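The values are calculated or read from the model by the stated rules, or taken from the named source; none is laboratory data. This is a predicted model, so every value here is computed, not measured. We place every Cβ from the backbone using ideal geometry, glycine too, and count neighbours over all the protein chains shown. All accessible areas refer to the heavy atoms of the entire protein, side chains included, with ligands and DNA or RNA removed. Shrake-Rupley method; radii C 1.70, N 1.55, O 1.52, S 1.80 Å.
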Amino acid sequence: MLRYLLSKLLTFVPTFIGVTLISFAFIRALPGDPIIVMAGERGVTPERYKELVEQFGYDRPILVQFWDYLTGVLQGDLGTSFVTKKPVWNEFFALFPATLELSICAIIIAIALGIPAGVIAATHRGKFFDRALMSTALIGYSMPIFWWALLLIIVFSGNLHWTPVSGRIDLLYYFKDVTGFMLIDSLLSGQKGAFASAVSHLVLPSIVLATIPLAVIARQTRSAMLEVLSEDYIRTARAKGLSPLRVNGLHALRNAMIPVITVIGLSVGTLLAGAILTETIFSWPGIGKWMVDSIFRRDYPVVQGGLLLVAVAVMVVNLVVDLLYGLINPKIRKR
Amino acid sequence: MALLSIRNLSVEFATAAGPFRAVDGVDLTVDQGDVLAIVGESGSGKSVSMLAMMGLLPWTATITADEMSFDGRDIRRLSARERRKVIGRDMAMIFQEPMSSLNPCFTVGFQIKEALRQHLNLDRAQRHARAIELMDLVGIPAPEKRLSAFPHQLSGGMSQRVMIAMALACKPRLLIADEPTTALDVTIQAQILDLLSDLQKETGMALILITHDMGVVAETAQRVQVQYAGQKVEEQPVEGLFATPHHPYTAALLAALPERATTRRLPTIPGVVPGQYDRPAGCLFAPRCAKATEICHSTRAPVQGAELGLARCHHPVTQPEEATQ
Ligand SMILES: Nc1ncnc2c1ncn2[C@@H]1O[C@H](COP(=O)(O)OP(=O)(O)OP(=O)(O)O)[C@@H](O)[C@H]1O
Ligand SMILES: [Mg+2]
């Protein structure tokens, strides 16, 4: 198991370098000049422009710039935001918990509903439940996120006034960050109503963000279950006189989880990407919104560093998925 | 009273191309302690008829029977829940592919103990002891260690032993072995058959052995039932069947053996078992039968009396010499 882990970690090295390169090249490939954008409408004199270019080192060959950046990254220095003048690293960690909280809630919703939906669809193959669930999944999968988000906002915030439209918590409440997770911090603060407020802010964005992974997980669970249910060992389990609940929920699902776990891991990657749109719609102060803003400002260090850190987060998630995979599938564990 | 008694069992599958009758009016009787072999070419409905009795067919199957009783109880009338109390306990089954018949995600010990937990009131320690006892019984060395093994760590022969241990967990009164050795090496085949035979004698349970192998039939069974295209075509005690097969199909099966019962495989007879689309109007074997006459092609065959092995034939074979021609 340890060797398995180490070999996985080794594969991180080329991925890491690749991501660094891509994030570096990506922002530079966009038209627009950070110095012009920074100067804004007032503009900048040619002399001052030259000075700034030298100050930021943009006059040097691109490869030298990349080398500088890479060595900086390896020493843990992601640079400083052009706009706020704060280290990218600090900004990222101030905002990341908000994105993480949203993503975790979304993936919990997606798993908690997606897996049972897939199991029920598979065990009712071709019948009413199967068709109803799978058409719903297809709709969820193909619905434009912003449209779906607006629909929910109109119904639940606009008409019913059940949930707030934006932010993480009502301005009424103020307490110190302990964990960065609003649900936990609001509980720790002991203020009455703070937790309920945090939950009501989180509900709609989580549902919106969960929609696509939920559909993907439900469909994958269904197809994995259908495959597993025709296996010989399922017939053996039934020949023992086990109840359908035990046959489907233990013998079949345990095997079906192997491909489903992979899909969940992949979903987490797309979830972080999907968070950008969701955070923008709900003004959720997370890294998604931060990066979108930085792209518009051509804030090179933030975009580079943000992309890199998100990529690392995805890689860590994939590693965790690989480990889970080993726990569920004994053929891998024992190797 | 017979332990298992089936009369006129039919199974029809709903397929994309319309209904398909995989089992057509099969009778079967097994007494306590009997060893019955069911033989026949691939596709003759051997597995399907037994799976129907175990309630293990998919929902596309429609099962009809005039009688289906086990130990005096009408299986057709049992609710799904009541039936689950019988199968795996009084009536157990092992399958052709031992390697894929064990769940890859659970240890051998878990899977054996699960059968015990389902049907018997034993505590943890007793289940553990019984699981070791069972593995010992089926000849698995170092049972204590093997309990924590996963199926992919076992050979085919070992897997089949585990399957047998699992099937015997609750001391069933009937064991159905569906081609238990087809997927195994020849040397292992003999071991597993000896094991099954010994266990049957020790426990006095009834055994239904589905096989392609006439050698196995001769060694293991007391009675043989021959199936063809979903129908039972003949039934006889082993000696009688080998000496005087009454149905031309049985005769052809035996005659095609280069030296009787010395080869292991069921030989091929020219032609194939009729499928869903080419079912003859008359006797189902007529297109492949050397003795077929006009009537065989036009009219379904009658079932002859017990003295003629219940042969489903217009022109049953009566003389031993005739069969060997
Ligand atoms: N689930 C199913 N749906 C449709 N047809 C089926 C199904 N299961 C079996 N059959 C058909 O029923 C017929 C009898 O199958 P069965 O498995 O009982 O044959 P068998 O005598 O056991 O043969 P073998 O020696 O190959 O195991 C075959 O033609 C098979 O294609
Ligand atoms: Mg079969």
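In table form, for the structure just shown:
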item: 1.4 Å probe accessible area per residue over the protein assembly as shown, in Å²; result: 47
item: Charge sum, other residues only, whose C-beta stays under 11 Å from residue B:309's C-beta, Lys/Arg counted +1 and Asp/Glu -1; result: 0
item: Residue B:223 accessible area, assembled protein chains, probe 1.4 Å, Å²; result: 50
item: Alpha-carbon centroid distance for the pair the range B:187-228 / the range A:161-200, whole angstrom; result: 72
item: Average other protein chain Cβ within 10 Å of Cβ, residues B:150-162; result: 1
item: Centre separation in Å (Cα based) which lies between the range A:259-307 and the range A:205-237; result: 26
item: Relative contact order (%) - chain B, alpha-carbon pairs under 8 angstrom, separation at least six; result: 20
item: Segments B:166-176, B:241-251, B:301-311 sorted - mean Cβ within 10 Å per residue, highest first; result: B:241-251, B:166-176, B:301-311
item: Of the DSSP H helices in chain B, those whose Cα atoms cover at least 15 Å axially and whose Kyte score averages -0.5 or more; result: B:108-119, B:156-168, B:186-203
item: Close Lys-Lys pairs in the range B:4-227, where close means Cα under 15 Å and separation is 8 or more or interchain; result: 4
item: Percent accessible area from carbon and sulfur atoms, the range A:101-196, protein chains only, probe 1.4 Å; result: 72
item: At least 30 Å² of accessible area lost relative to the chain alone, listed for the range A:289-335 with a 1.4 Å probe; result: A:330, A:331, A:334
item: At least 30 Å along the helix axis (C-alpha) and Kyte average at least -0.5, DSSP helices within chain A; result: A:2-29, A:88-123, A:194-229, A:253-281, A:300-328
item: In Å², nearest 10: area of residue B:20 left accessible to a 1.4 Å probe; result: 60
item: Cross-link table A:8/A:85; A:127/B:232; A:50/A:86; A:85/A:289; B:232/B:291, entries beyond 25 Å C-alpha to C-alpha; result: A:8/A:85; A:127/B:232
item: Within the accessible area of the range A:257-335 (1.4 Å probe), percent carbon and sulfur; result: 71
item: Pairwise burial B:A, computed as accessible area of each alone minus the pair, summed, 1.4 Å, Å²; result: 2400
item: Sulfur and carbon atoms: percent of accessible area, chain B [1.4 Å]; result: 52
item: Chain A: relative contact order in percent, alpha carbon pairs under 8 Å with at least 6 residues between; result: 27
item: Shielding score for B:101-110, defined as the mean number of other chain Cβ atoms within 10 Å; result: 5
item: Three-way shape label, the range A:88-333, alpha-carbon gyration tensor, a/c 1.5; result: prolate
item: Interface residues in the range A:212-247 - accessible area drops by 30 Å² or more relative to the isolated chain, probe 1.4 Å; result: A:232, A:233, A:235, A:236, A:238, A:239, A:240, A:241, A:242, A:246
item: Cβ-based net charge around residue B:300, under 12 Å, with every Lys or Arg adding one and every Asp or Glu removing one; result: +1
item: Assigned charges on the beta-carbon of Lys, Arg, Asp, Glu; chain A dipole about Cα centre (debye); result: 1560
